[in-house]
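K.L.:
Encoded as structure tokens, here's the structure I'll be asking about.
The values are calculated or read from the model by the stated rules, or taken from the named source; none is laboratory data. Everything quoted here is computed from the prediction, not taken from an experiment. Neighbour counts are summed over all protein chains in view; Cβ atoms, including those assigned to glycine, are modelled from backbone coordinates with ideal geometry. For the accessible areas, the whole protein counts, side chains as well, though only heavy atoms, and no ligand, DNA or RNA atoms are used. Shrake-Rupley method; radii C 1.70, N 1.55, O 1.52, S 1.80 Å.
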Amino acid sequence: MIRLENLTLDIHGQAILRDVSLDIEPGKVTGLVGESGSGKSMTALAMMGLLPHGASTTGHAWLDEGDVLAKSEREMCDLRGNRVGMIFQEPMTALNPVKPIGEQVAETLVIHGRATRREAIEIARARLARVGLPEERFALSRYPHELSGGQRQRVCIAMAVALNPELLIADEPTTALDVTTQAQILDLLKGLVAEEGMSLLLITHDLAVVAGLANHVAVMQAGRIVEQGPTEALFRTMAHPYTRKLFSASHHKPDRAKQAQGAPLLTVENAVRDYPTARRGLFGRPGSFRAVKGVSFTLHRGESLGLVGESGCGKSTLTRAILGLDALQGGAIRLQGQDIHSGPRLASAIRRRMQVVFQDPYGSFNPRWRVERLVAEPFHLMDQRPHDIANRVASALDDVGIEPAAMSRYIHEFSGGQRQRIAIARALITGPDIIILDEAVSALDVSIRAQILDLLARLRAEHGLSYLFISHDLSVVRAITDRVLVMRSGEIVERGETAQVFAAPTHAYTRELIAATPTIPADWQGDLHA
Amino acid sequence: MKLNAQLWIGGVLTALFIAAALVSFIWTPHDVTALTIADKLKPPSALYLLGTDHFGRDLLSMLMVGARTSIAVALLAVGIGMGLGVPLGLLAAATRGSLLDEVVMRGNDLIFAFPSLVIAILITAVFGPSAVNAILAIGIFNIPVFARVTRGGALRLWTLDYILAARVAGKGRLRISFEHILPNITSLLIVQGTIQFSLGILAEAALSYVGLGAQPPTPSWGRMLAEAQTMIYTNPALAILPGLAIVAMVLGLNLMGDGLRDLLDPRVRRARG
């Protein structure tokens, strides 16, 4: 039995957690939900004794009868991995790239003196088989880079549960994974909890994940638990306004007036894109990988077209070709009949009609430029720079809800949501016909995401924009697109009106995607939908 | 922010030598080319603060002018290295994987493969010993260092979204290199520049020690060391003082380089918490 009692945490005098009390029952899944900065990860780190420097805590974190917060670092080392295991969000960096997976799992056992090397390898073999990596197919001598993201996360889970800990903490364990992989990992966690009788603390921003997995849910806001209770009861009542706000934000559908569909704007015909792969041997020729295999579609003026697919399906490669950044190996992309090709000689008259917003609000801007210069960058595409740049930047910023005074500030002074607004302003500045949104809302919290979706809907109506909306997130695509394309391994497997595709998917892969997407059972939402 | 002691000590030491070198342009206690044989090998006194050498020249004055020689040679050598290495590195990164990239980087490897001081001796031996040839010799070996640092830093930046955004804005690779890449690797270059500067001082001292650097009568620390060698038992101060000057200057620059890296490199800054 793990019990947090009035846990309060300050870091360098700044309040992080306030009176957090939470019971984590054995054999049950406890969900901790909140937006970024709400303190949910810090709660987990406090339980592991892994707080950063300058942290001071009051209250208790009882693990059986011992207070974790009162333990020395040496006692904590013994406790971590042994009685408390942890899984992190990013399986790509959580494993040591130069150690085989079998050895990494065995290492935990050896460090805690639970087994000799030989026994440890035996246990590692059994553990890896349990998490779905049987030795026949995944030899213990494999290295992390030979595994996919989902397989690596399985290795992380095997490491975390190697010593049968009483508590397993999973911090956004599936956020970096594709939706079908996410479903498998969640199933695995559920099975482990049921079989081994351990407690699972599942930290996530996604209400739907919690709804499908947790027995008990706590909702966290600004360092406090604002509401907690058994999952179904909590979802049925939603007593706290913040819970309701989170819920409605995650289901947000911007108001969209049905727009008249214009003439074809962008046509992609049998686009083929090959990638060179690593050379085989010292003098071997580089191989090649076909990432886009003859894709065709048309984007009409004023239309919002969704492109859905999992990572590695070729959607980003296709985007780069559409933007004229990479050359095609076959087929053609045309903007109202004008050919788009890569290379510096692509006419800027074509380029300025298409702009893009990227996923990562932190990597999208040169940190050494002021906002005015950042937003004005696409003016490079104009035949001559307009003389009223400052006015135009101000009005573009105003359009996306950023006060024009922000022009003289640097990008680090803005939050993720604000940065994404500035990125949209940059895309708008040349008055384009098409904006490509490459996972543009995937990195944002649900409430911020809802605001950005509203903004996109408004801008589209005001400026008559067409969107190519690329995402792995089905719920967002459903909310904002008119038509949708489903892409898998370089091919479009299904296309159609968004509502129709979601209501009656014809291709098996689309059905699989929709089934894997976590949802909150419809009858739990009675009061809100009425 | 916590006081960065390294940066302070290094900065003060370096500033001291630069000040001495600058002052020597307009004033030195004595003329370094005037030989006063009557006053040879004098101990420190009010007239000669650090004493005199075997020709009766004032040691303090020689050290001041020597600092000028060292700093000038090292600075110009770093200038050559940066001036050619940084553009080459930017070019290699911008055309990653192309023939040009290969040519630049393998050319780098070629220069790296030779022990730098030996080649410097070769160059000065072929073209004659002079301060200019010393500058060229040291400078050439700075080129691959800067090219490599620049390329490494630039490659990391080329994968970022804001570079992609600049390409969508129709900017060419050259323009992106100078507008986006260069400003974001300046901190790397400053740190590397400080380190190369201190290595340049050492290399200049070594070259003039073997008589291939600045020629007499221009004083230089390396040659002062060489000339004092025969008198090391009778007049140890003659060897110790220029030796100390070299050590203090190089130490100062290295401390400053480390301090600057702590201050400017966000990765180190984060690691320190």
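K.L.:
Which condition from (1) at pLDDT 85 or above; (2) more than 14 Å from chain B (Cβ to nearest Cβ); (3) open to solvent by 10 Å² or more (accessible area, probe 1.4 Å) is the one that A:V295 breaks?
P.N.:
Failing condition for A:V295: (3).
K.L.:
Only one residue in A:H380, A:H412, A:H387 is within 22 Å of B:I185 (Cα to Cα) and either within 14 Å of chain B (Cβ to nearest Cβ) or open to solvent by 60 Å² or more (accessible area, probe 1.4 Å) (or both), so which one is that?
P.N.:
None of the others qualify; the one that does is A:H412.
K.L.:
Additional query: For the range A:116-143, name all the residues that are within 19 Å of A:I185 (Cβ to Cβ), in a loop (DSSP other than H, G, I, E, B) and in contact (Cβ under 8 Å) with a residue 12 or more places away in the chain.
P.N.:
Within the range A:116-143, A:V131, A:G132, A:L133, A:F138, A:R142 meet the criteria.
K.L.:
Can you tell me how many residues within the range A:487-505 are of a type in the set (A, V, I, L, M) and in contact (Cβ under 8 Å) with a residue 40 or more places away in the chain?
P.N.:
Qualifying residue count, the range A:487-505: 2.
K.L.:
All but one of (1) buried (at least 16 other Cβ atoms within 10 Å of the Cβ); (2) closer than 29 Å to A:V477 by Cβ; (3) in contact (Cβ under 8 Å) with a residue 24 or more places away in the chain hold for A:K253; which doesn't?
P.N.:
(1)
One line per residue, one yes/no per condition, for (1) in contact (Cβ under 8 Å) with a residue 12 or more places away in the chain; (2) of a type in the set (S, T, N, Q):
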{"position": "A:I429", "(1), (2)": "yes, no"}
{"position": "A:L437", "(1), (2)": "yes, no"}
{"position": "A:L455", "(1), (2)": "yes, no"}
{"position": "A:A461", "(1), (2)": "yes, no"}
{"position": "A:S466", "(1), (2)": "yes, yes"}
{"position": "A:L485", "(1), (2)": "yes, no"}
{"position": "A:H507", "(1), (2)": "yes, no"}
{"position": "A:R511", "(1), (2)": "no, no"}
{"position": "A:I520", "(1), (2)": "yes, no"}
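K.L.:
Let me ask something else. Kindly provide the set of residues from the range A:225-250 that are in contact with a strand residue (DSSP E or B) (Cβ under 9 Å, 6 or more places away or on another chain), of a type outside the set (D, E) and buried (at least 18 other Cβ atoms within 10 Å of the Cβ), ordered by number.
P.N.:
Hits for the range A:225-250 are A:I225, A:Q228, A:T231, A:L234, A:F235, A:M238, A:Y242, A:T243, A:L246.
K.L.:
For the structure I just gave you, tell me whether A:F235 is of a type in the set (F, W, Y) and under 30 Å from A:V29 (Cα atoms).
P.N.:
For A:F235, the condition - of a type in the set (F, W, Y) and under 30 Å from A:V29 (Cα atoms) - is met.
K.L.:
Separate question: Are any residues in the range A:440-477 under 18 Å from A:Q418 (Cβ atoms) and either among the hydroxyl-bearing types (S, T, Y) or not in a helix (DSSP H, G or I) (or both), and if so, which ones? Full working, then the answer.
P.N.:
First, pick out the residues of the range A:440-477 that are under 18 Å from A:Q418 (Cβ atoms): A:440-456, A:458-459.
Once the filter is applied, which keeps residues that are under 18 Å from A:Q418 (Cβ atoms) and either among the hydroxyl-bearing types (S, T, Y) or not in a helix (DSSP H, G or I) (or both), the range A:440-477 yields A:A440, A:V441, A:S442, A:A443, A:L444, A:D445, A:S447.
K.L.:
Does A:D438 satisfy being surrounded by fewer than 18 Cβ atoms within 10 Å (Cβ to Cβ) and of a type in the set (D, E)?
P.N.:
So A:D438 does not fit the description; no.
K.L.:
What helices (runs of 4 or more DSSP H) completely inside the range A:1-115 contain at least 2 residues that are crowded, with 23+ Cβ neighbours inside 10 Å and in contact (Cβ under 8 Å) with a residue 24 or more places away in the chain?
P.N.:
Hits in the range A:1-115: A:40-48, A:101-111.
K.L.:
Out of the helices (runs of 4 or more DSSP H) lying entirely within the range B:142-261, which hold 2 or more residues that are away from every other protein chain (no Cβ under 14 Å)? Please lay out each step first, then the result.
P.N.:
Details: elements: B:161-168, B:173-176, B:182-209, B:221-228.
Where helices (runs of 4 or more DSSP H) fall fully within the range B:142-261 and carry at least 2 residues being away from every other protein chain (no Cβ under 14 Å), they are B:182-209, B:221-228.
K.L.:
Continuing with this model, one more query. Among what's in the range A:334-374 and is within 20 Å of A:E269 (Cα to Cα) and open to solvent by less than 40 Å² (accessible area, probe 1.4 Å), pick the residue that is farthest from the other protein chains (Cβ to nearest Cβ).
P.N.:
The residue in question is A:L335.
K.L.:
When residues of the range A:116-128 are filtered for being farther than 16 Å from A:R152 by Cα and surrounded by fewer than 22 Cβ atoms within 10 Å (Cβ to Cβ), how many remain?
P.N.:
The qualifying residues number 8.
K.L.:
Going by what's in this entry, would A:P432 be described as within 12 Å of another protein chain (Cβ to nearest Cβ) and either open to solvent by 10 Å² or more (accessible area, probe 1.4 Å) or outside any helix (DSSP H, G or I) (or both)? Give the steps one after another, and end with the answer.
P.N.:
Values: within 12 Å of another protein chain (Cβ to nearest Cβ): yes; either open to solvent by 10 Å² or more (accessible area, probe 1.4 Å) or outside any helix (DSSP H, G or I) (or both): yes.
So A:P432 fits the description; yes.
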